[in-house]
Amino acid sequence: MIEFKMPSLGADMDAGTLVEWLKKPGDAVKRGDIIAVVDTQKSAIEIEVFADGILDRLLVEPGQRVPVGTVMATIREPGDLADAGLPPKAVPSSASPPAAKSSAPVAPASAPLVAARGEPRATPAARRRAVELGVEIASVLPGPEGVIGLGEVEAAAGARAPAKPQRPGGISFDEMRKAIGAAMARSHREIPHYYVSSTLDVSPLMAWLEAENTRRPVPERLLYAAPLIRAVARALMDSPELNGHYVDGRYDPAEHVNLGIAVAMRGGGLIAPAILAAETLDLAAIMERLRDLVARVRGGRLRSSEMTAGTATITNLGEGTADSLMPLIYPPQVAIVGCGRIVERPWIVDGKIEAAKLMTVTVAGDHRISDGRRAAAFLMNLDKLLQSPETL
């Protein structure tokens, strides 16, 4: 029997609120299936299961706040079913969960389940609010990215919007700022940071990108973030001291670069879901993943693996912002790469002064694992990759 527990979805998380179960007892589940939705201080997160089997019992009701590590459900493995004399197909899909022996409440058979095919896409908080206001979710006009959020539901009901600013998923920005503050306070307190910066000439990258985009249809054109992410991922593969997790006094270097992408949320706030195995993806795939992540961040629809598997993070302030930044590492990661805006300034090339497009890149590293020489080597490698963007 497998115990499905409330995962830790960030360094600042000690509990989450179960919004809804997306499977019911008797349903077959396989690795990677989304089984539940949990609300945190930052977002509504779709929780994946990491084993195959049959969902046996639900031990937590929607709406309950659940500490990290609490058993939320049990899953029967094929061997469990065979030992019990019940082949998987003999488990009725509509079976109600038997009474729990523990003090944890059991979700009733009527607990919210996954929407039927053909129903509109809506955040869990929007569905709850629709029920409270007596609004048929199917009658609500979707918002950005075709997703129904709290604002769309309240507009349909003619209700006054709450005075306190809300993010997708229904949690106030005040709560999210508290979560960000808690994680960064821990980072500043526990991680001995060092910083190494370098100003890189990205003129070859921008010239190549302009030429490349003229050959691509408009929907397939690239933002400069795509080759930048690809280059950072490749450089991190050659710098294992900057790519991994430090937990319980031990460093575990990562096999792949699961690169966290810092994404600004509408109205404020920041979240950094990861593009998994970024070093294996070509530029088109990275661009597709980037668009998808941004859309789902702003729609309040992220997956647990994207929030927990990050091995390093990149934060790019973008155009019209600051020249450089000194970011804090997101634990248990051991490095973060901060990219300032691209500016055009005089630059000496082969003894001559030329106009060049420059970007200042800063690496924050964990002194328990590496030192400035390793970060400097990473920056030199990154610079080399950006000088030949056609090879990315």
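The values are calculated or read from the model by the stated rules, or taken from the named source; none is laboratory data. For clarity, every value in this text was computed on a predicted model and none was experimentally measured. When we count neighbours, we look across all protein chains shown, and the Cβ atoms used for this are built from the backbone with ideal geometry, even at glycine.
Applying the set (1) touching a helix residue (DSSP H, G or I) at 6+ places or on another chain (Cβ under 9 Å); (2) modelled with pLDDT of 95 or more to I191 leaves exactly one unmet item: (1). Of the residues making up region 35-54, those that are part of a strand (DSSP E or B) and modelled with pLDDT of 85 or more number 10. Restricting region 263-277 to residues that are part of a loop (DSSP other than H, G, I, E, B) and free of Cβ contacts under 8 Å to residues at least 60 places away in the same chain leaves a set whose member that is surrounded by the fewest Cβ atoms within 10 Å (Cβ to Cβ) is A277. One residue is enough: does region 298-317 have a residue meeting the conditions surrounded by fewer than 14 Cβ atoms within 10 Å (Cβ to Cβ) and among the charged types (D, E, K, R)? No, the conditions are met nowhere in region 298-317. Residues in region 278-295 that are over 14 Å from L259 (Cα atoms) and in contact (Cβ under 8 Å) with a residue 60 or more places away in the chain were compared, and the one that is surrounded by the fewest Cβ atoms within 10 Å (Cβ to Cβ) is A284.
Among the residues of region 59-73, just one is among the polar types (S, T, N, Q) and over 18 Å from A44 (Cβ atoms), namely T70. Considering (1) under 27 Å from A262 (Cα atoms); (2) in a loop (DSSP other than H, G, I, E, B); (3) not small (G, A, S), say which one V19 fails and leave the rest. Answer for V19: the failing condition is (2).
Scanning region 17-41 for residues that are of a type in the set (D, E, K, R) and over 19 Å from R129 (Cβ atoms) turns up K23, K24, D27, K30, R31, D33.
The criterion of being farther than 30 Å from D33 by Cβ, assigned by TED's automatic domain parsing to the domain that holds L270 and without any contact (Cβ under 8 Å) to a residue 60 or more places away in the chain holds for K384. Per this entry, V68 is not counted among residues that are surrounded by 22 or more Cβ atoms within 10 Å (Cβ to Cβ) and closer than 26 Å to T311 by Cα.
For region 311-335, taking the residues that are free of Cβ contacts under 8 Å to residues at least 60 places away in the same chain and aliphatic (A, V, I, L, M), the one that is nearest to V196 (Cα to Cα) is identified as L325. Remark: pairs (first residue in region 358-378, closer than 27 Å to G320 by Cβ; second residue part of a strand (DSSP E or B) and of a type in the set (D, E, K, R); Cβ separation under 8 Å; 6+ apart in sequence or on different chains) = L358/D201; L358/E344; L358/R345; M359/R341. Strands (runs of 3 or more DSSP E) fully within region 182-262 that include at least 3 residues being more than 19 Å from the chain's Cα centre (by Cα): 193-201, 250-253.
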